[in-house]
Amino acid sequence: MDAHRSALLLIVLAVACSSGADRSDSSPMKEGRRYTAWLYGSEYQKLWERFSPEMQQTFGTVTDLASFASRAVKNLGAEQGKIDEKVQDAEPYRVYSRSASFDRSRHRMLIEWSLAKDGAVTGLVVRPELPDSTRAEGRSQ
């Protein structure tokens, strides 16, 4: 029985240690999807912990982030239909862009996460999607 418990303990420890995967192994696409899911799921503390110090300063507190984000998500409603995603390099950042329709919005919306190489969030944009011909070529963070 002691050998069985020891083996079980080792398995539990191995799973616990591997569940916190190294963020450097995450792709910008996975990170963008994860952060968007947290945004939609009201997991603001998790987002706050991934925000760069500058982003935290922009929002002030996790409560202020929650207030802004919850209003935005509530006003948009549920995501529906076709989702377009892409990742672009904008050195020194990577930008995850997600275009989607929402049940309470007349326009497709664009959600963009600007990410540092370590996955920290350095920018967040939620706005109506512009036609391709009017999109800005560059963006400052």
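Within the stretch 38-78, restricting attention to residues that are assigned to a helix (DSSP H, G or I) and hydroxyl-bearing (Ser, Thr, Tyr), which residue is surrounded by the most Cβ atoms within 10 Å (Cβ to Cβ)? Quick ask: steps written out before the conclusion?
If we filter the stretch 38-78 for residues that are assigned to a helix (DSSP H, G or I), which is where we start, we get 38-40, 44-50, 53-59, 62-76.
Next, from what is left, pick out any that are hydroxyl-bearing (Ser, Thr, Tyr): 40, 44, 58, 63, 67, 70.
Details: TYR40: 14, TYR44: 21, THR58: 13, THR63: 11, SER67: 14, SER70: 13.
Among those that are assigned to a helix (DSSP H, G or I) and hydroxyl-bearing (Ser, Thr, Tyr), it is TYR44.
For the stretch 97-129, a residue qualifies if it is open to solvent by less than 50 Å² (accessible area, probe 1.4 Å) and either outside any strand (DSSP E or B) or without any contact (Cβ under 8 Å) to a residue 12 or more places away in the chain (or both), and the qualifying residues are SER105, ALA116, GLY119, ALA120. Condition first: part of a strand (DSSP E or B), touching a helix residue (DSSP H, G or I) at 6+ places or on another chain (Cβ under 6 Å) and under 21 Å from SER42 (Cβ atoms). Can you find one or more residues in the stretch 79-87 that meet it? Taking every residue of the stretch 79-87 in turn, none turns out to be part of a strand (DSSP E or B), touching a helix residue (DSSP H, G or I) at 6+ places or on another chain (Cβ under 6 Å) and under 21 Å from SER42 (Cβ atoms). Which pairs have Cβ atoms under 8 Å, sit 6 or more apart or on different chains, and link a residue in the stretch 55-77 that is without any contact (Cβ under 8 Å) to a residue 40 or more places away in the chain to one that is open to solvent by 60 Å² or more (accessible area, probe 1.4 Å) and in a helix (DSSP H, G or I)? What qualifies is PHE59/PHE68; VAL62/GLN45; VAL73/TYR40.
Just a yes or no: is a residue in the stretch 113-120 at pLDDT 95 or above, of a type in the set (A, V, I, L, M) and farther than 18 Å from GLU49 by Cα? No, every residue in the stretch 113-120 fails to be at pLDDT 95 or above, of a type in the set (A, V, I, L, M) and farther than 18 Å from GLU49 by Cα.
The values are calculated or read from the model by the stated rules, or taken from the named source; none is laboratory data. Computed from a prediction, not measured in an experiment: that's the story for all the values here. Using ideal geometry, Cβ is built from the backbone for each residue, glycine included, and neighbour counts are taken over all protein chains shown. Side chains included, ligands, DNA and RNA excluded: accessible areas come from the protein's heavy atoms. Shrake-Rupley method; radii C 1.70, N 1.55, O 1.52, S 1.80 Å.
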